[in-house]
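Trainee: Questions regarding the structure given below will be posed in turn.
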Amino acid sequence: MMRMTVLASGSKGNSTVISSSRTRVLVDAGLSCRELLRRMVLAGEDPSALDAILITHEHIDHVAGLAVLARKLRIPVFFTEPTHRAWVRMLTPRTTMSYAKWLDRLAQEKEARAAAIALETANQLSGIDEPALRSDDPNAVLELPDEAERCEAETPAAKADPAFLPAVEYFRAGTSFSIGDLDIMPFTIPHDAADPCGFVFENEGVRMALATDLGYMPPNVKQAIARSDVLLLESNHDLEMLRDGPYPWSVKQRVLSRVGHLSNAATAEYLSRDYDGGAAFIVLGHLSESNNVPELARLSAEQAIGDRMTLLGNKVLLASQSVPLEPICL
Ligand SMILES: [Zn+2]
Ligand SMILES: [Zn+2]
């Protein structure tokens, strides 16, 4: 059994729960902690059963409630290393630092990480399973190198640091990993963030893919999301609405660029030309509230899917910004 519950989707906040019968993860935490918890309960997802949070990229509509939620639930957060660094930088007040000092700090961080990895390897070899010694928690060296107790979520130091997390795990795009019985393949997406990723989750032969926030559909994304049973796909804007809409020219250019967002037309092109037709559900997400209309996005996708809709499922659903989508169970 696998389940996808989209809690929110759009430029004001993104978050989706993916679960198997044994494991439950949250992809992105782009609403306030309070709102995320409220929506989980509303959708019938138990927040206390969450095992981890995965982050696609550091834009605020994907991380707004992250630190508070992770601390409250005391669960690890999975990032790529560049995304984690960008997120920490975003939250850390700017300090002036000489180049020499910066190099020094980089070296210190590298050393600390190597030492932590060595320690973890030693523990693994000796069979000690000690979750407190996670190798990839650079928080401790990033800000307060001498405060080892910062892993205790409730210390005043932890509260003072807006980027403090109970535990950080790193993954790399293109390298699969597992959380509980969920197999996860992160893949690179073209978007203007440090190291943005989409994900494919798999459990007992069921595959669920998430691909939003991408300027176009490159071959690696098409390949990654192939054979999905549920496909959450961006359908951000209608080209004409964007062109004639309220955004300033520079923002329009950004949205339209190769590192912006997928239009209804681009999504339709993927669905008609490249999509294998095998999904039970196609969820359209990250719809712009200014430059799109849900029914326009739906119509565009349904036309592209054409007669495959009745043959093999391919039910088109619309993820909403304001309310959770009915859980999709397969
Ligand atoms: Zn976004
Ligand atoms: Zn983004």
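The values are calculated or read from the model by the stated rules, or taken from the named source; none is laboratory data. No experiment lies behind these values; they were computed from the predicted model shown. Reconstructed Cβ throughout: ideal geometry from the backbone, glycine too, with neighbour counts over all protein chains shown. Note: areas computed on protein heavy atoms with side chains; ligands, DNA, RNA excluded. Shrake-Rupley method; radii C 1.70, N 1.55, O 1.52, S 1.80 Å.
Trainee: Out of the residues in region 89-100 meeting the condition of being farther than 30 Å from ASN236 by Cα and surrounded by 11 or more Cβ atoms within 10 Å (Cβ to Cβ), tell me which one is farthest from ligand 2 (Cβ to nearest atom).
Mentor: Result: MET97.
Trainee: Related question: Does THR155 satisfy being open to solvent by 20 Å² or more (accessible area, probe 1.4 Å) and at pLDDT 95 or above?
Mentor: no
Trainee: Another question, then. Could you check how many residues of region 290-330 are open to solvent by less than 40 Å² (accessible area, probe 1.4 Å), β-branched (Val, Ile, Thr) and not in a helix (DSSP H, G or I)?
Mentor: Qualifying residue count, region 290-330: 2.
Trainee: Looking at region 65-78, which of its residues are open to solvent by 50 Å² or more (accessible area, probe 1.4 Å) and within 25 Å of ASP213 (Cα to Cα)?
Mentor: Within region 65-78, VAL68 is the sole residue that qualifies.
Trainee: Do we find that ALA86 is over 22 Å from VAL230 (Cα atoms), in a helix (DSSP H, G or I), of a type in the set (Gly, Ala, Ser) and within 16 Å of ligand 2 (Cβ to nearest atom) in this structure?
Mentor: Yes.
Trainee: If I ask for residues that are out of contact with any strand residue (DSSP E or B) (no Cβ under 7 Å at 6 or more places or on another chain) and either open to solvent by less than 10 Å² (accessible area, probe 1.4 Å) or modelled with pLDDT under 95 (or both), which ones from region 22-41 would you list?
Mentor: Selection gives nothing.
Trainee: Taking LEU287 and the conditions (1) outside any strand (DSSP E or B); (2) more than 16 Å from the chain's Cα centre (by Cα); (3) away from ligand 1 (no atom under 16 Å from the Cβ), which numbered condition does it fall short on, given that it satisfies the others?
Mentor: (3)
Trainee: Can you tell me which residue in region 42-64 is most open to solvent (accessible area, probe 1.4 Å), limited to those that are more than 16 Å from ligand 2 (Cβ to nearest atom) and free of Cβ contacts under 8 Å to residues at least 60 places away in the same chain?
Mentor: Ranking the qualifying residues of region 42-64, first place goes to SER48.
Trainee: Turning to a different aspect of this structure: Go through region 278-289 and count every residue that is within 16 Å of ligand 2 (Cβ to nearest atom) and either surrounded by fewer than 21 Cβ atoms within 10 Å (Cβ to Cβ) or without any contact (Cβ under 8 Å) to a residue 12 or more places away in the chain (or both).
Mentor: 1
Trainee: Please determine, by comparing only the residues of region 1-13 that are open to solvent by less than 10 Å² (accessible area, probe 1.4 Å) and within 16 Å of ligand 1 (Cβ to nearest atom), which one is nearest to GLU204 (Cα to Cα).
Mentor: The selected residue is VAL6.
Trainee: Ok, one more. Anything in region 259-283 that is over 14 Å from ILE225 (Cα atoms) and within 16 Å of ligand 1 (Cβ to nearest atom)? List them, or say none.
Mentor: Within region 259-283, VAL259, GLY260, HIS261, LEU262, SER263, ALA266 qualify.
Trainee: Mind counting the residues in region 169-184 that are under 13 Å from VAL200 (Cβ atoms) and either assigned to a loop (DSSP other than H, G, I, E, B) or of a type in the set (Ser, Thr, Tyr) (or both)?
Mentor: 6
Trainee: Output yes when any residue across region 257-280 is part of a loop (DSSP other than H, G, I, E, B) and on the phi > 0 side of the Ramachandran plot, and no when none is.
Mentor: yes
Trainee: Further, regarding this structure: I'd like the full set of residues that are more than 16 Å from ligand 2 (Cβ to nearest atom) and of a type in the set (Asp, Glu), limited to region 186-234.
Mentor: GLU202, GLU204, ASP229
Trainee: Just to verify a result, which residue in region 52-102, among those that are among the charged types (D, E, K, R) and more than 17 Å from PHE187 (Cα to Cα), is nearest to ligand 1 (Cβ to nearest atom)?
Mentor: ASP61
Trainee: Residue by residue through region 216-265, note down the ones that are in contact (Cβ under 8 Å) with a residue 12 or more places away in the chain, of a type in the set (Lys, Arg) and open to solvent by less than 80 Å² (accessible area, probe 1.4 Å).
Mentor: Listed by number, the list holds a single entry, LYS222.
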